[in-house]
Amino acid sequence: MEERRYRSASGAPIALRRRQHSASCRELAVRCPRLRLRSLSAATSAAWLAAYGLFVLTENSMVLSAAIIITLIGLIIYLHFVKIDQESLLVIGSLGIQVTSSYASGKESTTFIEMSQVQDVVINEAIHMQKVIYYLCILLQDPGDPQGVSEVVPLFQSSKPRLDCLIEVYKSCQEILEQRKTAPQSS
Amino acid sequence: ENSPAPLPERAIYGFALFLGSWFGFILYLIWAYIPETWLFSLGLTYWPQKYWAVALPAYLLVAIGIGYILLFGINMMSTAPLNSTDTITDNYAKKQQQKKFQEDAIPALRDIPISEVNRMFFLPEK
C-alpha cells in the first residue's frame with residue numbers, strides 16, 4: 001500500500017494510492033483535492049452580494065430568501081452529483097475490472113466490466129476542449145471481431161491525472177492483464 | 001495547363017470585374033445619399049427603401065462576427081468525445097491490408113494498433 005502525489009491536467013494536486021491485494025488483484029485509487037473553504041465562501045458571498053444588489057434595486061425581500069434557498073440547494077446538488085472525491089480502479093485478474101467514483105456527499109457509483117469483454121487498458125490522447133490530454137481508457141472487445149474495439153470507457157474523468165500518474169496505473173494494469181495471456185483458464 | 005500566369009482572358013475578366021465593382025459602388029452611393037424626391041422626379045420610384053442601405057451592411061458585419069463564433073462552436077461539436085472509437089481507429093485503418101514483411105526492406109506504412117503503441121512507449125523493454 002503506497003501513496004504518491006501527482007498533479008492533474010489543470011494543475012491541482014492529486015494522490016494515487018496503490019494496493020496489491022494478491023498476485024492477480026490490484027486496487028488503484030486517485031483522490032481529488034477536497035472542496036476548499038475559501039472557494040466555497042467566495043462563491044456564497046458573491047451569490048449573496050448579487051442577491052442583495054437585486055434586493056436594493058427591486059425592494060422585494062423574496063429575492064433574499066430565494067438566494068439563500070438556491071445557494072443551499074445548489075451546494076447540496078454540487079456535492080452529491082458533481083464533486084468527486086475519489087475515483088478507484090479495482091482490477092481482478094480472472095474476473096474483471098471495477099470502476100468506482102465516490103462523490104463528496106458520500107454517494108458511490110460503480111461499474112463492473114467482465115474480463116472477457118476487456119480487450120486492453122491503454123493510454124489514449126484526445127482533444128478535450130482546447131487541449132490535448134492523455135487519459136486512461138478500457139477498450140471493450142467487439143464480439144464479432146477479435147481485433148476490433150466496440151466501445152471505449154474513459155477512466156479518471158474528474159481527476160484527469162497527468163501522464164506520469166497514468167503510466168504508473170497503466171503498468172500496474174498491464175501486469176495483471178498479461179497474466180491472462182500466459183495462463184488461460186477454462187473458457 | 002493550370003498555371004497562375006497572366007493570360008489575356010484573365011486580364012479582360014479582371015477589368016470587367018473592376019468596372020462592375022466601381023459601377024456597383026457608385027450605384028450604392030446614389031441610392032443611399034440622393035434624396036427620395038430627386039429620385040422620384042427622375043422616374044426611379046421602385047427602388048428599395050433607404051433603410052436597407054444602412055441595414056444590409058449592419059447585417060453583414062454582425063453575420064461575420066457571429067461566423068467566427070459559429071465556426072469555433074462547429075469545431076468543438078465535431079470533435080470526437082473522449083468515449084468514442086473515432087479517437088482510436090476509423091474505417092480506413094480497420095480495412096487496411098497487411099503487407100508481407102521483406103528482409104532488409106523498409107516496412108510498409110500502416111496504422112499501428114493503439115495497444116502496440118502503448119506497449120512500446122510505456123512498458124520498459126527488458
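Any read-out appearing in this document is the output of simple, stated calculations on the displayed coordinates, not a laboratory observation. The model shown is predicted, which means the values in this text are computed figures rather than measured ones. Cβ: placed from backbone, ideal geometry, glycine included. Neighbour counts: every protein chain shown.
What angle, in degrees between 0 and 90 and rounded to the nearest 10, separates the Cα long axis of helix B:8-33 from the longest principal axis of the Cα atoms of chain B?
50
Could you tell me whether the stretch B:1-111 comes out rounded, prolate or oblate from its Cα gyration tensor? Rule is a ≥ b ≥ c as square roots of the eigenvalues, rounded for a/c under 1.5, then prolate if a/b exceeds b/c, otherwise oblate.
On the way: a/c = 6.02, a/b = 2.13, b/c = 2.82.
Verdict is oblate for the stretch B:1-111.
To the nearest 20 debye, what is the magnitude of the charge dipole of the protein assembly as shown about its Cα centre, counting +1 on the Cβ of each Lys and Arg and -1 on the Cβ of each Asp and Glu?
Values: 28 positive and 27 negative charges, 191 e Å.
Using Cβ point charges on Lys, Arg, Asp and Glu, the protein assembly as shown gives about 920 debye.
At q = 0.07, 0.12, 0.13, 0.16 Å⁻¹, what is the base-10 log of I(q)/I(0) for the protein assembly as shown according to the Debye formula with one equal point scatterer per Cα and no solvent? Please give it to two decimals.
Relative scattering, expressed as log10 I(q)/I(0), comes to -0.58, -0.97, -1.07, -1.41.
Taking the Cα-to-Cβ direction at A:SER45 and at A:LEU75 and moving 7 Å from each Cα, how far apart do the two end points lie in nm?
Here the modelled spin labels are 1.5 nm apart.
Return the distance in nm (one decimal) between the two label points of a simple spin-label model at A:MET62 and B:GLU1, each offset 7 Å from Cα along Cα→Cβ.
Here the answer is 7.5 nm between the modelled labels.
To the nearest whole number, what is the average tally of beta carbon atoms from other chains within 10 Å of the beta carbons of peptide A:140-148?
Values: counts 1, 0, 1, 0, 0, 1, 0, 4, 3.
What the average comes to for A:140-148 is 1.
Could you give me the ³J(HN,Hα) list for the stretch B:104-119, computed from phi with Karplus coefficients 6.51, -1.76, 1.60 and θ = phi - 60°, whole Hz, x at Gly and Pro?
In residue order, the calculated couplings are 6, 10, 5, x, 5, 6, 8, 8, 7, x, 5, 4, 5, 4, 4, 4 Hz.
Over the stretch A:1-99, consider all pairs of different Cα atoms and compute the Kirkwood hydrodynamic radius from their mean reciprocal separation; express it in Å, one decimal.
On the way: mean 1/r = 0.0592 Å⁻¹.
After inverting the pairwise mean of 1/r, the radius is 16.9 Å.
For the pair B:ALA58 and B:GLU36, what calculated FRET efficiency results from E = 1/(1 + (r/R0)^6), where r is the Cβ-Cβ distance and R0 = 25 Å, to the nearest 0.05?
About 0.75, to the nearest 0.05.
Hey, got the dipole for chain B? About the Cα centre, +1 on K and R Cβ, -1 on D and E Cβ, debye to the nearest 20? Mind dumping the intermediate values first?
On the way: 9 positive and 10 negative charges, 38 e Å.
Here the size comes out at about 180 debye.
When a/c is below 1.5 the answer is rounded, else prolate if a/b is larger than b/c, else oblate, so apply that to chain A with a ≥ b ≥ c taken from the square roots of the Cα gyration tensor eigenvalues. Spell out each step's value before the answer.
Numbers: a/c = 2.74, a/b = 2.50, b/c = 1.09.
Judged from the Cα gyration tensor, chain A comes out prolate (a/c at least 1.5, a/b above b/c).
As I understand it, the value is the acute angle between the Cα axis of helix A:163-182 and the longest principal axis of the Cα atoms of chain A; what does it come to in degrees, rounded to 10?
30
Report the Cα centroid-to-centroid distance between the stretch B:42-111 and the stretch A:92-162 in angstrom, as an integer.
Between the Cα centre of the stretch B:42-111 and that of the stretch A:92-162, the gap is 30 Å.
Size of the dipole of chain A about the Cα centre, Lys and Arg at +1 and Asp and Glu at -1 on the beta carbon, nothing else charged, in debye to 20? Don't skip to the answer; put the middle values down first.
Details: 19 positive and 17 negative charges, 158 e Å.
That gives a dipole near 760 debye.
Using Cβ counts within 10 Å as a stand-in for footprinting exposure, how do A:GLU2, A:GLU87, A:GLU178 rank, fewest first?
Values: A:GLU2 8, A:GLU87 22, A:GLU178 13.
With the sparsest Cβ surroundings first, the list reads A:GLU2, A:GLU178, A:GLU87.
For chain A, what is the mean residue ellipticity at 222 nm derived from helices alone (per DSSP H run of n ≥ 4: -39500 (n - 2.57); sum divided by total residues; nearest 500 deg cm²/dmol)? If you can, show how the numbers build up before the last one.
Values: 3 runs with 58 residues, N = 187.
Counting only the DSSP helices, I get -10500 deg cm²/dmol.
Order by neighbour count: A:VAL82, A:VAL121, B:VAL117, fewest other Cβ atoms within 10 Å first, most last.
In order of increasing Cβ crowding within 10 Å: A:VAL82, B:VAL117, A:VAL121.
Give the angle, between 0 and 90 degrees and rounded to the nearest 10, that separates the Cα long axis of helix B:51-78 from the longest principal axis of the Cα atoms of chain B.
0
Between B:GLY20, B:GLN98, B:LEU42, whose Cα lies farthest towards the positive end of the dipole of chain B when Lys and Arg beta carbons carry +1 and Asp and Glu beta carbons carry -1, centred on the Cα centre?
Of the listed residues, the answer is B:GLN98.
So for A:SER150, A:SER109, fewest C-beta neighbours within 10 Å to most, what's the order? Don't skip to the answer; put the middle values down first.
Values: A:SER150 14, A:SER109 10.
Neighbour counts put them in this order, fewest first: A:SER109, A:SER150.
Name the residue farthest towards the positive end of the dipole of chain A from the options A:ASN124, A:ILE77, A:ILE97, assuming +1 on Cβ of Lys and Arg, -1 on Cβ of Asp and Glu, about the Cα centre.
Of the candidates, A:ILE77 comes out farthest on the positive side.
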